[in-house]
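Heads up, the thing below is written out as structure tokens.
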Amino acid sequence: MMQDRLIMVPSDKGFHEILNGSLPVDFDGSQCVVARAGSGVLETVSFDEAIEYALGGEYDEFDEEWEETE
């Protein structure tokens, strides 16, 4: 059973279930993951798409939505 820690390690029970449940199914480690504005759904994107996400304003839009919900 996991103790009161902030970090899980691969030997912890449920580690892989939580990891696989948190990232998109098609994530293989070579892409970036972004949270889409409007839904907050995680999506895998290429590095170039992640740059566009960050610099094109969608990240700011998502950040504003997130702040409103807190």
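Only the coordinates and a few stated rules stand behind these numbers; no lab work does. Note that the coordinates shown come from a computational prediction; the quantities given were computed from them, not determined experimentally. Heads up, the Cβs are rebuilt from the backbone with ideal geometry, glycines too, and the neighbour counts pull from every protein chain shown.
So the values come out like this:
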item: Hz values of 3J(HN,Hα) by residue in the range 29-36 - Karplus curve (6.51, -1.76, 1.60), Gly and Pro given as x; result: x, 9, 10, 10, 10, 10, 9, 6
item: Residue (of Gln31, Gly57, Val41) at the positive-pole extreme of the range 31-70, dipole from beta-carbon charges; result: Gln31
item: Cα-Cα P(r), the range 31-70, percent of pairs per 10 Å interval; result: 33, 54, 12, 0
item: Unit charges on C-beta of K, R, D, E only; dipole of the range 31-70, Debye; result: 260 debye
